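Everything below concerns the one structure shown next.
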Amino acid sequence: MLILGIDPGTAVTGYGVVRTGTSFELVECGVIRTRPEQALPERLKDIAEGVRELLARHKPGAMAVEDVFYARNVRTTLVLGHARGVILLAGAEAGVPIHEYAPADIKKAVVGTGAATKTQVQFMLTKLLRLKAAPQPADAADGVAAALTCAMRLPLERAVAGVRGRARGGR
């Protein structure tokens, strides 16, 4: 199965596509850039179109989106929320199951500690995905980390959901 990971941003949105199976494989990573001179609605439109194109091209079985971190600047947090909104909408329109992970949860899944640095995350991505170098730029690496988190957690999430379903009388 393919998993599309997204690191939302209004200037740069990072993404990574990871294939699951007997091991994890990086299929593609990169960024969706918007132009600073664009008004916010135009930037959001470009982000949504970029995500829709990725969803159409890869047809992932799941999408992992980094949750909002709480910036010191309230406006930054709000604008980031807008970017997340159009990303979540694109995933929902495509009918892709969406999983959201806090930045600390992604770091913990990939590195083992929620306080990991970007350098530590990039180092572990190279080891876990058997890469010669960390995905670049850093926003792309963050998208890959989100996808990898989902790839590692999805089997457990499905198992727990199955146990809950059986406990309620389902099969």
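A short reminder: the numbers here are calculations on the coordinates, not readings from a lab. As the structure is a prediction and not an experimental result, all values here were calculated from the model. Quick reminder, even Gly has a Cβ in these numbers, built from the backbone with ideal geometry, and neighbours come from all protein chains shown.
Quick notes on this structure:
- For the chain, the antiparallel share of DSSP beta bridges with both residues in that region comes to about 65%.
- The length gained by stretching the chain between T119 and L78 to full extension, at 0.36 nm per residue less their Cα-Cα distance, is 12.1 nm.
- Potential extension, A11-L89 segment - 0.36 nm per residue separation minus Cα distance: 26.2 nm
- Reachable lysines, given that their alpha-carbon falls under 28 Å from the alpha-carbon of K127 and they are not under 8 places away in the same chain: K59, K107, K108, K118
- For the peptides 145-152, 130-137, 107-114, 39-46, the ranking by packing is 145-152, 107-114, 39-46, 130-137, with the highest mean count of neighbouring Cβ atoms within 10 Å listed first.
- Per-residue HN-Hα couplings for the range 87-95 [Karplus 6.51, -1.76, 1.60; θ = phi - 60°; Hz; x = Gly/Pro]: 5, 5, 4, 4, x, 5, 4, 7, x
- Loop-exposed chymotrypsin sites (Phe, Trp or Tyr not before Pro) per DSSP, neighbour cap 12 Cβ within 10 angstrom, longest uninterrupted part of the chain: 71-171
- Environment charge at L44 (Cβ cut-off 14 Å; Lys +1, Arg +1, Asp -1, Glu -1): +3
- Equivalent ellipsoid, the range 2-167 (semi-axes from 5 times Cα gyration tensor eigenvalues, Å): 24, 19, 16
- Couplings for the range 119-125, taken from phi via the Karplus curve 6.51 cos²θ - 1.76 cosθ + 1.60 with θ = phi - 60°, read 4, 5, 4, 4, 4, 5, 4 Hz in order; Gly and Pro are left as x.
- Farthest toward positive dipole pole in the range 2-167 [+1 Lys/Arg, -1 Asp/Glu at C-beta], among V74, M63, P41: M63
- Equivalent ellipsoid semi-axes, the range 80-142, via Cα gyration tensor eigenvalues times 5, rooted, Å: 25, 14, 11
- Using only side-chain charges placed at the Cβ, +1 for Lys and Arg and -1 for Asp and Glu, the dipole size of the chain relative to its Cα centre rounds to 580 debye.
- Secondary-structure-derived ellipticity at 222 nm for the chain, considering helices only, amounts to -17500 deg cm²/dmol, per-run term -39500 (n - 2.57) for DSSP H runs with n ≥ 4.
- Label-point separation in nm, R57 to E42, each point 7 Å along Cα→Cβ: 2.3 nm
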